[in-house]
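**Q** There's a structure below that I have some questions on.
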Amino acid sequence: MALATSYMTLAPKYCCVQKRSFIVTSGLSSAFKPILRALPQIPRQIDASKTFTDIKSKFLNAVVDSAFEFVDQLVLPSQNNFAPVEELGEPVAITYIEGDIPDHFPEGVFIRNGPNPLFGGLKSSKSILGRTNSVWVEGEGMLHALYFKRESDNGCCTIVYNNRYVETETYKLEKQSIKPLFLPAVKGDTFAVLSSMLLNGLRFGQLNKDYSNTNVFEHSGKFYSVSENHIPQEIDIFTLNTLKYWDVNGAWNRPFASHPKKVPGTGELVIFGVDATKPYLEIGIVSADGKELVHKEDIKLDRCSLCHDIGITSRYIVILDLPLIVDSNRLLKRGPLIKYEKEEYARIGIMPLYGDENSIQWFEVEPNSTFHIINSFEDGHEVVLWGCRALDSIIPGPEDGLNESKLFSRCYEWRLNMKSGEVKEKYLTGPEKFMDFPVINASFTGIKNRYGYTQVVDPAASYSADIPKYGALAKLYFGEPCSEFPVGETQQEELIRVEYHTFERNVFCTGSAFVPKEGGIEEDDGWIITFVHNEDTGISQVHIIDTKKFSGEAVAKITMPFRVPYGFHGAFMPISF
């Protein structure tokens, strides 16, 4: 904290009360690391005493070096801002800003996670058994942080930027090497994938790397980086140093999904973890002080449904059991490890807090792929769930490229009647816009809210890049009906009002977060803050958008001193310097 305070004093001050003129020369989807340990025949943790003898280690390394070749995966011109950047090593002061930091904008840090592959980019491997490829959501996690500190004497704002790798054990192992060590082992030719898993397991004791590149969350004053395939890492929020793994004092020993949720009113944290072998999904509750796992339950699913998000209300936990399935048996039959099975069932489970498998009420729903929940709450006898729903899965990615709109999501509502068992489901937004990465005012998590915010897909840019890109933001008005429809179309469903904040051509956003206004009264008193990148100029910025004047110009555009690649989830964390 002292270090954080000292380097903040080096940066220039930006005041709201004084107009300043600055010349400004003129991420992607989360999504969700399906790098799950998959083969039941191979233990996930292999006794190092049996595998890491000098002789065996040298022999296995020689096998990999002679039989496998690492090659760079093709990077299209439209994918340039997905390429990794160098770690800074020390904070850098922000010197260019257009506009003003608002008076009631709080002190804190805007932080975003995302993949930043070592060795220059994602790799494939080639061998006589075939080829394996990295999935677009892979890559070592890098945190990008923008710090806002108010000066006590004049209220001016000091802004500092830093970035740093999340130092998982596998990151540290590869960092010591001059070349990649882990073979890609999620997607590719069946025998190549199987052999890569086997060799990774024998050499390193696990089948894939721990990326920690998806999200950042806070609990009980501590901050964590997380991805689906391993437990979180505690982060020093001021230096971005990786401190240690967080296993809730030894009580959580399985993967930890990227979107834990706080219980309204209690401050307890609902966590969950998906694995490729039984138990497929376990749910836990961590005490409000973060010291104890007070509840843990195997809900005994009969398949590994790749669940990335979970819902919460004051009384219930909302569970998604959808047909994006991880199946090692399918891999053994020369099929893909991860596949969206559109003919399989989809259901949503409502489990009481501190419930078990027998207390879950399941509701059959239309098959879909939903990675992100906007919010969930109780409304009479109904549990209402809002989410971003697609008709196919963008993970691990289509074999023939990203070329269908069904891979993109629209905002959707499920109403689950706990008394009658009835399900009502409908779209909330029209077919002309696709949305994902939703955020809300966190004070309304688990209770009925009026507003939500999403990133809006640019389909043409996404098709060109083969990876989703987001060219606008949307504000959702849940209590207001839509009054405008595309020319020649009539209203088919009860759609909601949507307001858009559209960026310039070839400018895309990533890691959006809601920042509540200090002293704010209404739910939408605040700002959306987001990283943006201009692909024509190569300049990265952070934009601050007033949610009360959402379609207007950003109130501040902060020019970053270095390129910031597209990434996944962002968050604004209030902190005291």
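**Q** Only Cα pairs under 8 Å and at least 6 apart count here; give the relative contact order of the stretch 56-140 as a rounded whole percent.
**A** 41
**Q** Right, next: In sequence order, what are the phi-derived ³J(HN,Hα) couplings for the stretch 302-315 according to the Karplus relation 6.51 cos²θ - 1.76 cosθ + 1.60 with θ = phi - 60°, rounded to whole Hz, with x for glycine and proline?
**A** With the stated coefficients, the stretch 302-315 comes to 9, 7, 8, 8, 6, 9, 9, 9, 9, x, 9, 10, 5, 10 Hz.
**Q** To continue, here is another question. How big, in percent, is the set of alpha carbon pairs in the chain lying more than 47 Å apart? List each step's numbers first, then the result.
**A** Values: 15914 of 166176 pairs.
Within the chain, distances greater than 47 Å cover 10 percent of Cα pairs.
**Q** Which of the pairs Lys58/Lys123; Lys123/Lys278; Lys172/Lys448; Lys179/Lys278; Lys175/Lys300 have their Cα atoms more than 32 Å apart in this structure?
**A** Lys172/Lys448; Lys179/Lys278; Lys175/Lys300
**Q** For Gly188, what residues show an amide H to amide H distance below 5 Å, using hydrogens built from the backbone and excluding near sequence neighbours?
**A** Here Asn133 satisfy the definition.
**Q** Continuing with the same structure: If we count every other residue with Cβ under 13 angstrom of Arg415's Cβ, Lys/Arg +1 and Asp/Glu -1, where does the sum land?
**A** Cβ neighbours under 13 Å give a net charge of -3.
**Q** Hey, another quick one. Whole angstrom only: what separates the Cα centroid of the stretch 279-317 from the Cα centroid of the stretch 415-474?
**A** Answer, in whole Å: 23.
**Q** Hey, can you grab everything whose amide H is under 5 Å from the amide H of Phe272? Only 5+ residues off in sequence or another chain; H modelled, so Pro and N-termini drop out.
**A** It is Ala257, Gly284, by chain and number.
**Q** Also, quick follow-up: Applying the Karplus parametrisation 6.51 cos²θ - 1.76 cosθ + 1.60 with θ = phi - 60° to the phi angles of the stretch 222-235, what ³J(HN,Hα) value in whole Hz is obtained for each residue in order, glycine and proline being reported as x?
**A** Calculated HN-Hα couplings, in order: 10, 10, 9, 9, 8, 9, 6, 9, 7, 6, x, 10, 6, 10 Hz.
**Q** Counting helices only, and only those DSSP H runs with n ≥ 4, report the 222 nm mean residue ellipticity of the chain as the sum of -39,500 (n - 2.57) divided by its residues, in deg cm²/dmol to the nearest 500. Each step should come with its number before you reach the end.
**A** Working: 7 runs with 59 residues, N = 577.
Dividing the helical sum by the residues of the chain leaves -3000 deg cm²/dmol.
**Q** Highest first, please rank the peptides 192-200, 518-526 by the mean number of other Cβ atoms sitting within 10 Å of their residues. Mind showing how you got there, number by number?
**A** Details: 192-200: 23.1, 518-526: 14.9.
Per-residue mean Cβ counts within 10 Å order the peptides as 192-200, 518-526.
**Q** Could you let me know the centre-to-centre spacing of the stretch 117-173 and the stretch 524-571, using Cα atoms, in angstrom?
**A** 18
**Q** Moving on. Where only protein heavy atoms count, and the probe is 1.4 Å, what is the accessible area per residue for the stretch 260-354 in Å²?
**A** Details: 3500 Å² over 95 residues.
The answer is 37 Å² per residue.
**Q** Starting at the first residue of the stretch 249-259, write each ³J(HN,Hα) from the Karplus equation 6.51 cos²θ - 1.76 cosθ + 1.60 with θ = phi - 60°, in whole Hz, x for Gly and Pro.
**A** Karplus values, whole Hz, x for Gly and Pro: 6, x, 8, 10, 10, 9, x, 10, 5, 7, 10.
**Q** Please get the size of the charge dipole for the stretch 510-577, origin at its Cα centre, with Cβ charges of +1 on Lys and Arg and -1 on Asp and Glu, quoted in debye to the nearest 20. Please list the in-between numbers first.
**A** Details: 5 positive and 9 negative charges, 48 e Å.
Roughly 240 debye, rounded to the nearest 20.
**Q** Multiplying the sequence separation of Phe562 and Asp525 by 0.36 nm and subtracting their Cα-Cα distance, what value in nm do you get?
**A** Answer, rounded to one decimal: 10.2 nm.
**Q** Compare the peptides 468-477, 247-256, 378-387 by average per-residue count of other Cβ atoms within 10 angstrom and give them in order, highest first. Don't skip to the answer; put the middle values down first.
**A** On the way: 468-477: 23.3, 247-256: 16.3, 378-387: 18.5.
Listed from highest to lowest mean packing, they are 468-477, 378-387, 247-256.
**Q** At a 1.4 Å probe radius, carbon and sulfur cover how many percent of the accessible area of the stretch 391-475?
**A** 48
**Q** If you don't mind, another one. Give me the dipole magnitude in Debye, nearest 20, for the chain about the Cα centre, with unit charges on the beta carbon: positive for Lys and Arg, negative for Asp and Glu.
**A** With only Lys, Arg, Asp and Glu charged at Cβ, the dipole is about 1220 debye.
**Q** Tell me which residues come under 5 Å, amide H to amide H, from Lys517 once H is placed; ignore anything under 5 positions away on its chain.
**A** Gly526, Trp527
The values are calculated or read from the model by the stated rules, or taken from the named source; none is laboratory data. Predicted, not measured: the structure shown is a model, and the values here were computed from it. Neighbour counts are summed over all protein chains in view; Cβ atoms, including those assigned to glycine, are modelled from backbone coordinates with ideal geometry. The protein model used for the area step is the full one, side chains on, heavy atoms only, and it has no ligands, DNA or RNA in it. Shrake-Rupley method; radii C 1.70, N 1.55, O 1.52, S 1.80 Å.
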